[in-house]
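All remarks here apply to the structure that follows.
The values are calculated or read from the model by the stated rules, or taken from the named source; none is laboratory data. Note that this is a predicted model, so its numbers are computed, not measured. Positions of Cβ are backbone-derived with ideal geometry, glycine not excepted, and every protein chain shown enters the neighbour counts.
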Amino acid sequence: MALLAGIVGLSQSGKTTIFNALTYSGTSPEFKGSSKHPNIATIPIPDERLSDLATHFKSKKLTPATLEFIDLPGLRKGATAEETRSLLSQVKNADLFINVVRCFENESSPHPEGSLDPVRDIKIFDFELFFADLSTVEKRIERISKLAKSGDEKAKAVLKILQSLKSFVEAEKPLRLYKFKEDELKLISDMEFLSIKPVIYVANLSETDSELSEKLFSEVENYAKNEGARVARIYGKVESELAELPLDERKEFLSSYGLKDSGLERLLKATFDQLDLMTFLTAGEKETRAWTIKKGTKAPEAAGKIHSDIERGFIRVEVYTYDDWVNCGRDEKKVKEKGLLRVEGKEYIIQEGDICLFRFNV
């Protein structure tokens, strides 16, 4: 299943421009001007290791890891509470939010709030999340209060947590900052909250007014540090132009702006870091593929990403790293001769860049 990233923010923040650039999709006529439906695209995660492995193994198929972007129509000033709830419900299944905040001037497209203030924009969006979560908590409190009063111990425990969450949200603090205990999460595992999701703040900058953009970016960066969130800088116009270029011309184009990598690459790195993710690789004549897992995943669980039967019948994993393979001249025999191919058991924790061959029996 692809990772799901909800691109959110206020209207006129440049969200859709960035979405189209990042997904190389171009503006959809069906979506343009819409205030009801999100735009969705699944993109492959760039990984030069895959093409290298696929060429060597003469793979018939190459399958990268993927990330799905959902571009939510921007929250607009004057929208009704029902309109806002309807919009937010469309990203309730997102793994994280990518909150695009405007850090550029554009006279032809003025900011809906009348001035540039990215921190204010973040707080405006967060307020809608708080409002939605508060409604969720209050409805559950109403349902469970009678049961708690009857003496039901589990209901009493749940009610205590909900009352604590209610106070936290009323103080306009996102639930991603709430220090949940493991048993608390189990008790409310059936509840869906929006402000609990991790967030990456994307500062949409201007390549022509660097002084203003850098000042505003610093404000976003400082705000994010206070809540332990990550920040990515993107030049929306540059990304739009980049998306229209052939692949072999993109590095030179980025270099002309003093950039080493694209906004997509920076955003993907921030997303993986924020969600504590990594990739391992499988390679062979049939297919070369990247698999996304959580850091700290043990070998049998990683095998289960490929197929549940492999996890169930796991015996061992034969593993070596991509870097070792390259350093050995892309020669598996030399990898073995140098003792760099390891046979690991059920307790082995898969590492970034591991090339794995799982042995199993069912």
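Of these, T288, T321, T282, T292, which one is among the polar types (S, T, N, Q), in contact with a Lys or Arg (Cβ under 6 Å, 6 or more places away or on another chain), within 24 Å of S51 (Cα to Cα) and surrounded by 16 or more Cβ atoms within 10 Å (Cβ to Cβ)?
After applying the criteria, what remains is T282.
Among the residues of segment 36-70, write down those that are in contact (Cβ under 8 Å) with a residue 24 or more places away in the chain, outside any loop (DSSP other than H, G, I, E, B) and among the small types (G, A, S).
A41, A54
Here is a list of conditions, (1) of a type outside the set (D, E, K, R); (2) free of Cβ contacts under 8 Å to residues at least 60 places away in the same chain; (3) closer than 17 Å to A5 by Cβ, and V199 meets all of them except one; can you say which number that is?
So the condition that V199 fails would be (2).
Of the residues F314, F280, which single one is modelled with pLDDT of 95 or more, touching a helix residue (DSSP H, G or I) at 6+ places or on another chain (Cβ under 8 Å) and over 16 Å from A65 (Cβ atoms)?
F314
Of the residues A232, A224, only one is modelled with pLDDT of 85 or more, surrounded by 14 or more Cβ atoms within 10 Å (Cβ to Cβ), assigned to a strand (DSSP E or B) and not basic (K, R); which?
After ruling out the rest, the residue left standing is A232.
Return yes when Q274 is polar (S, T, N, Q), in contact with a Pro (Cβ under 7 Å, 6 or more places away or on another chain) and under 30 Å from V231 (Cβ atoms) and no when it is not.
For Q274, the condition - polar (S, T, N, Q), in contact with a Pro (Cβ under 7 Å, 6 or more places away or on another chain) and under 30 Å from V231 (Cβ atoms) - is met.
So, in segment 324-362, of the ones that are over 19 Å from A54 (Cα atoms) and small (G, A, S), which residue ends up nearest to the chain's Cα centre (by Cα)?
Going through the qualifying residues, I end up with G345.
Residues are listed down the side, and each one gets a yes or a no for (1) under 16 Å from I43 (Cβ atoms); (2) within 14 Å of the chain's Cα centre (by Cα):
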site: S255; (1), (2): no, no
site: L268; (1), (2): yes, yes
site: T271; (1), (2): yes, yes
site: Q274; (1), (2): no, yes
site: F280; (1), (2): no, no
site: A283; (1), (2): no, no
site: K286; (1), (2): no, no
site: A290; (1), (2): yes, no
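In segment 197-221, which residues are hydrophobic (A, V, I, L, M, F, W, C) and buried (at least 17 other Cβ atoms within 10 Å of the Cβ)?
Once the filter is applied, which keeps residues that are hydrophobic (A, V, I, L, M, F, W, C) and buried (at least 17 other Cβ atoms within 10 Å of the Cβ), segment 197-221 yields V199, I200, V202, A203, L205, L216, F217, V220.
If T208 passes every condition in (1) under 19 Å from G258 (Cβ atoms); (2) hydroxyl-bearing (S, T, Y); (3) not in a loop (DSSP other than H, G, I, E, B) but one, which one does it miss?
(3)
Within segment 140-180, which residues are loosely packed, with under 11 Cβ neighbours inside 10 Å and among the hydrophobic types (A, V, I, L, M, F, W, C)?
Matches in segment 140-180: A171 only.
From K77, K58, which residue is surrounded by fewer than 17 Cβ atoms within 10 Å (Cβ to Cβ), farther than 15 Å from V8 by Cβ, over 21 Å from the mean Cα position of the chain (by Cα) and at pLDDT 85 or above?
Going through K77, K58 in turn, the sole match is K58.
Considering segment 142-185 alone, what residues qualify as being aliphatic (A, V, I, L, M) and either on the phi > 0 side of the Ramachandran plot or under 31 Å from the mean Cα position of the chain (by Cα) (or both)?
V158, I161, L162, L165, V169, A171, L175, L177, L185, listed by residue number.
Which residue pairs have Cβ atoms closer than 6 Å, lie 6 or more positions apart in sequence or on different chains, and pair a first residue in segment 284-302 that is closer than 16 Å to E352 by Cα and charged (D, E, K, R) with a second residue that is at pLDDT below 95 and surrounded by 17 or more Cβ atoms within 10 Å (Cβ to Cβ)?
K295/M278
In segment 96-115, which residues are at pLDDT 90 or above and within 15 Å of K215 (Cα to Cα)?
Listed by number, the residues that qualify are V101, R102, C103.
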